[in-house]
Amino acid sequence: MPKVVVSLSSTYITNRQILSGILKFIKLNSPWDGAFITGRADEPSIETILTEKTQGFITDELSPQTKELVDKFGIATVTVLLDADSPNIVGKLLGDSVTAGKLAAEHFMKSGFKHFAYVEDLARMYWSIPRYEGFREALEAAGFECSFYRSLKATADHPKDDRSRLARWLEALPKPCAIFAANDVRARYVLEACRMKNITVPGQVALVGADNDEVLCETAMPAITSIEWNTVDYGYRIAEFLDRVIRKGQRPEKPVVFTYSGHRLVVRASSLMNATGDPLVEECREYLASSLDKKLTTDSIATAMNISRRTLERRFCLGAGHSLRTEIQMMRVSLAKQLLAETDLRLEDIAFKCGFYDVSHMRQTFARFGSHLSAKKQHL
């Protein structure tokens, strides 16, 4: 059995999901004679585990001491979210932060926002700026600007100082404002800073985080909308890759890069609002969400909501920034993406559940609205 050491801090949800993917590979394919380090106090140090018998190493931290051992023993290494260099690094797992930023921007623009802001990661991690760049680029392409909050480098030791400074910055933003926080931890900072200044979320501010850490997101008040990554799949892939490198004894000339992406947006209360604050828009969206499998017309929706067709069309377009018909099609595409990614339903069944006439109609609608499709896009 390959002798492999896996060192991933369990503090981060992405690492826990990557670890789940690695364990899935081991259980389904190839047992490892391995050791797993997750950051517990009772665990031995990496330096005491890496030996000349270690064949593979997966890690999210490569200290000078650890790197020295990797190079000394020639251990085939895969790094996770790490900017490191060594002749023994055979693979790197990175995240597509730019696409995540674009996903957040599209979500906000669909709700008709005109003012946007980004809050940088507290520790200024290297992935924080690409998330901002993806967010800003998508907004600028649509003619919008984006405010940027630069974190204080020293705030790790003085979080209250940063929250007070962040609260003042939030207070000065034009409202309503759509805010993308670098991750879920930072999103909770934003919520606390908003409370300090009596800024309502949702209401004056809509908020989206990243990583979809359910403990952080679901226990927040309000619950935080967040971007979910397909990290479990990529944990499996890097384990499969490293296993093959070890067994074949053939290393690539340069590190193979694996890049996971923002899989989908998990919508929760923190972003459930429209830019005008018109409750009719959200009431209409709630009705649509429960009725996508039905034949929907503007007349039938207006009747169900006890409002005139003309008033419904005018207020929805003003509040959402696009027509009611466009909203229905986007919601159907969104539901179809979710079913494609999370179920094994036939395309015909998915089309029926989402209210499309048939698979051809679903394909045509995807071509118009589905700019970010699931991994099963090829089936369409």
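Quick note: the coordinates plus some simple rules give every number you see, no bench work behind them. Fair warning: this is a prediction, and the values are worked out from it, not measured in the lab. All Cβ positions, glycine included, derive from the backbone under ideal geometry; neighbour counts span all protein chains shown.
Quick notes
- Surface/4 of the Cα convex hull for the chain, nm²: 21.0
- Neighbour-count order for Ser20, Ser151, fewest beta carbons within 10 angstrom listed first: Ser20, Ser151
- Cβ crowding within 10 Å averaged over residues, with 38-48, 198-208 ranked highest first: 198-208, 38-48
- The relative contact order of the chain, computed from alpha carbon pairs under 8 Å that lie at least 6 residues apart in sequence, is 16 percent.
- Between Thr298 and Thr38, the contour length at 0.36 nm per residue exceeds the alpha carbon distance by 88.2 nm.
- Ordering Val215, Ile227, Thr59 by the projection of their Cα atoms onto the charge dipole of the chain, which places +1 on the Cβ of Lys and Arg and -1 on the Cβ of Asp and Glu, puts Ile227 at the extreme positive end.
- For region 77-146, the spread of Cα positions along the three principal axes, ordered from largest to smallest, is 49, 21, 15 Å.
- Calculated P(r) tail over 18 Å for region 279-374, as whole % of Cα pairs: 45
- Positive-end residue of Cys284, Ile307, Phe356, charge dipole of region 279-374 with Cβ unit charges: Ile307
- Nitroxide proxy distance, nm - points 7 Å out along Cα→Cβ at Val267 and Ser45: 5.1
- When region 30-117 is reduced to its Cα atoms, the Kirkwood hydrodynamic radius in Å: 15.8
- Taking the charge dipole of the chain about its Cα centre, with +1 at Lys and Arg Cβ atoms and -1 at Asp and Glu Cβ atoms, the residue from Thr99, Leu139, Ala367 reaching farthest to the positive side is Ala367.
- By DSSP, the beta bridges lying fully in the chain are antiparallel in about 10 percent of cases.
- Inter-part distance where region 223-267 and region 67-144 are each reduced to a Cα centre, Å: 14
- If only the Cβ of Lys and Arg carry +1 and only the Cβ of Asp and Glu carry -1, the dipole of the chain around its Cα centre is close to 860 debye.
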